[in-house]
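Following: one structure in structure tokens, then a few remarks.
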Amino acid sequence: QCVLMMPLLEGLDGINKMSKSLGNYVGITDTPQEMFGKLMSASDDLMWRYLELLSFRSLAQIANFKEEVANGRNPRDIKVLLGQEIVARFHSQKAAEDALAEFEARFQKGVLPDDMPEITVASAGGHIGIAQLLKQANLVASTSEALRMIDQGGVKLDGEKVSDKALQLKAGAVVVAQVGKRKFGRITVGT
């Protein structure tokens with residue numbers, strides 16, 4: 001009896017298996033922009049594993065890419081090729097090109113996404129703390145995650161990095177909040 005062993009596909013964290021419940025997955029139903037962004041967030045080491053397991057490129061071509069990177073080519077270039085290949089497979093070549101253009105505009109030139117959700121959050125006593133604001137806006141799962149993201153430098157308001165975990169926003173304030181690289185919201189603080 002022959003048993004075929006399939007290799008384990010690690011998730012975006014590079015540690016655990018890819019899993020929706022762990023939040024470290026790239027879904028085939030993700031939008032082209034989400035799919036491309038998630039693949040671009042993979043580490044350079046993990047990118048090689050994804051190329052070997054997910055790409056239709058030959059092992060010889062992948063070995064050639066590795067040699068080019070060893071000789072100074074930016075691994076980001078290879079990651080772009082992988083991201084475009086995967087997006088084109090599940091969406092279209094045009095969607096892959098559009099996803100790359102949006103990714104470059106957003107992360108290299110600082111352009112905000114067009115489809116940013118408009119969110120109104122409630123304030124208590126005319127103000128709201130930054131952690132509660134991010135949680136109510138569904139940009140984080142909990143206030144502790146918000147505080148952790150602030151510590152890691154991953155929270156911006158109107159393009160400025162937030163470092164004060166005790167920051168309070170007054171009722172009537174309107175801010176563009178960003179958590180990490182992919183979560184945005186235009187937030188109005190209600191009364």
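The values are calculated or read from the model by the stated rules, or taken from the named source; none is laboratory data. Because the structure is predicted, anything quoted here is derived from the model rather than measured. Here Cβ is always computed from backbone atoms with ideal geometry, including for glycine, and neighbour counts include all displayed protein chains. To get the accessible areas, we keep the full protein, side chains included, count just its heavy atoms, and leave off ligands, DNA and RNA. Shrake-Rupley method; radii C 1.70, N 1.55, O 1.52, S 1.80 Å.
Against the definition (touching an Asp or Glu at 6+ places or on another chain (Cβ under 8 Å) and hydrophobic (A, V, I, L, M, F, W, C)), how does LEU39 come out, yes or no? Break it down stepwise before answering.
Working: touching an Asp or Glu at 6+ places or on another chain (Cβ under 8 Å): no; hydrophobic (A, V, I, L, M, F, W, C): yes.
When the stated conditions are applied, LEU39 does not pass them.
With the requirement that a residue be open to solvent by less than 40 Å² (accessible area, probe 1.4 Å), among the polar types (S, T, N, Q) and assigned to a helix (DSSP H, G or I), what does segment 32-61 give you?
If the condition is that a residue be open to solvent by less than 40 Å² (accessible area, probe 1.4 Å), among the polar types (S, T, N, Q) and assigned to a helix (DSSP H, G or I), then no residue fits.
Given (1) touching a residue at least 40 places away in the same chain (Cβ under 8 Å); (2) in contact with a strand residue (DSSP E or B) (Cβ under 6 Å, 6 or more places away or on another chain); (3) surrounded by 15 or more Cβ atoms within 10 Å (Cβ to Cβ), where does GLN136 come up short, assuming only one miss?
(1)
Counting only residues that are open to solvent by 80 Å² or more (accessible area, probe 1.4 Å) and among the small types (Gly, Ala, Ser), how many does segment 139-170 have?
The number of residues fulfilling the criteria is 2.
Quick check on segment 157-170: of everything there that is modelled with pLDDT of 85 or more and among the small types (Gly, Ala, Ser), which residue is farthest from the chain's Cα centre (by Cα)?
Among those that are modelled with pLDDT of 85 or more and among the small types (Gly, Ala, Ser), it is ALA166.
When you check ILE28 against the structure, is it within 16 Å of the chain's Cα centre (by Cα), closer than 23 Å to ARG76 by Cα and open to solvent by 70 Å² or more (accessible area, probe 1.4 Å), yes or no? I'd like the intermediate steps shown before the answer.
Numbers: within 16 Å of the chain's Cα centre (by Cα): yes; closer than 23 Å to ARG76 by Cα: yes; open to solvent by 70 Å² or more (accessible area, probe 1.4 Å): yes.
Yes, satisfied.
Pull up segment 98-112, narrow it to residues that are at pLDDT below 90 and surrounded by 15 or more Cβ atoms within 10 Å (Cβ to Cβ), then point me to the one that is farthest from VAL155 (Cα to Cα).
GLU102
When ALA95 is evaluated against the numbered criteria (1) assigned to a helix (DSSP H, G or I); (2) open to solvent by 70 Å² or more (accessible area, probe 1.4 Å), which criterion, by number, is the only one it fails?
Here ALA95 clears every test but (2).
Condition (residue is at pLDDT below 90 and small (Gly, Ala, Ser)) applied to segment 43-62: is it met by at least one residue?
yes
In segment 137-146, is there at least one residue being farther than 17 Å from ASP164 by Cβ and modelled with pLDDT under 90?
No.
Among (1) at pLDDT 95 or above; (2) surrounded by fewer than 14 Cβ atoms within 10 Å (Cβ to Cβ), where does ALA124 come up short?
Status for ALA124: all satisfied but (1).
So the check is Cβ under 9 Å with 6+ separation or different chains; which pairs have a first residue in segment 53-65 that's among the hydroxyl-bearing types (Ser, Thr, Tyr) and a second one that's outside any loop (DSSP other than H, G, I, E, B) and open to solvent by less than 60 Å² (accessible area, probe 1.4 Å)?
Final answer for the pair search is SER55/ILE62; SER55/LEU81; SER55/LEU82; SER55/GLU85; SER55/ILE86.
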